[in-house]
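This report concerns only the one structure given below.
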Amino acid sequence: MRACIKAGIVVPWVAVAMACHHASRASSAVIEPDSLTGIVSVTGTAFEQRLVLRSGNSAMSLSAAPSDSAALSRLNGVEVLVIGRRAPNHFQVERFTAVNVAGSPVADGFVRKDGGRLVLETTYGPIPLGNPPTALRGLIGARIWIGGPLDKGPNTYGVIVPPQ
């Protein structure tokens with residue numbers, strides 16, 4: 001008799017607790033970003049430019065925040081890795097990194113002064129520049145790509161975002 005009474009009390013509470021439980025939806029939880037690699041191409045006129053990422057025989061229109069669009073425009077002809085979200089007619093860029101210029105690997109980062117030396121502050125940490133081009137001393141704070149042997153030079157570079 002006691003077991004029946006306990007079951008009469010416990011079963012409704014279990015049913016209520018189960019009714020409050022919702023299965024999690026994996027599809028709406030965290031959406032992983034996509035990535036693409038290709039060469040930036042600026043098309044159109046000065047009045048209406050369009051950013052395109054070319055890879056092999058395919059091309060994808062890029063959409064980015066105004067500051068990123070300006071930076072990507074400066075990377076015309078540079079191979080980049082873009083991270084963001086695919087949409088039906090374009091790729092929404094959240095961030096990007098220059099990876100190759102004219103087929104040679106480059107590092108992407110900010111020019112910083114460390115004592116009397118220049119370093120490139122990358123997402124992986126600072127890289128000391130052994131014999132940087134003299135012009136980099138005037139670009140402290142700029143985001144650049146730099147190629148060549150970073151420890152001894154000679155180096156080539158390009159400005160992605162000018163110093164503020």
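The values are calculated or read from the model by the stated rules, or taken from the named source; none is laboratory data. Worth saying up front: this structure is predicted, and the values here are computed from it rather than measured. Counting neighbours? That spans all protein chains shown, and the Cβs are built from the backbone with ideal geometry, glycine included.
For beta carbons closer than 7 Å, sequence separation of 6+ or different chains, a first residue in segment 42-69 that is charged (D, E, K, R) and a second that is modelled with pLDDT under 90 and part of a strand (DSSP E or B), the qualifying pairs are Arg50/Gly44.
Taken together, Glu94, Glu48 contain a single residue that is surrounded by 13 or more Cβ atoms within 10 Å (Cβ to Cβ) and acidic (Asp, Glu), which is Glu94. Among the candidates Val106, Val40, Val119, Val99, which residue alone is in contact with a helix residue (DSSP H, G or I) (Cβ under 9 Å, 6 or more places away or on another chain) and either under 26 Å from Gln164 (Cα atoms) or of a type in the set (Gly, Ala, Ser) (or both)? Result: Val40 is the single residue among Val106, Val40, Val119, Val99 that is in contact with a helix residue (DSSP H, G or I) (Cβ under 9 Å, 6 or more places away or on another chain) and either under 26 Å from Gln164 (Cα atoms) or of a type in the set (Gly, Ala, Ser) (or both).
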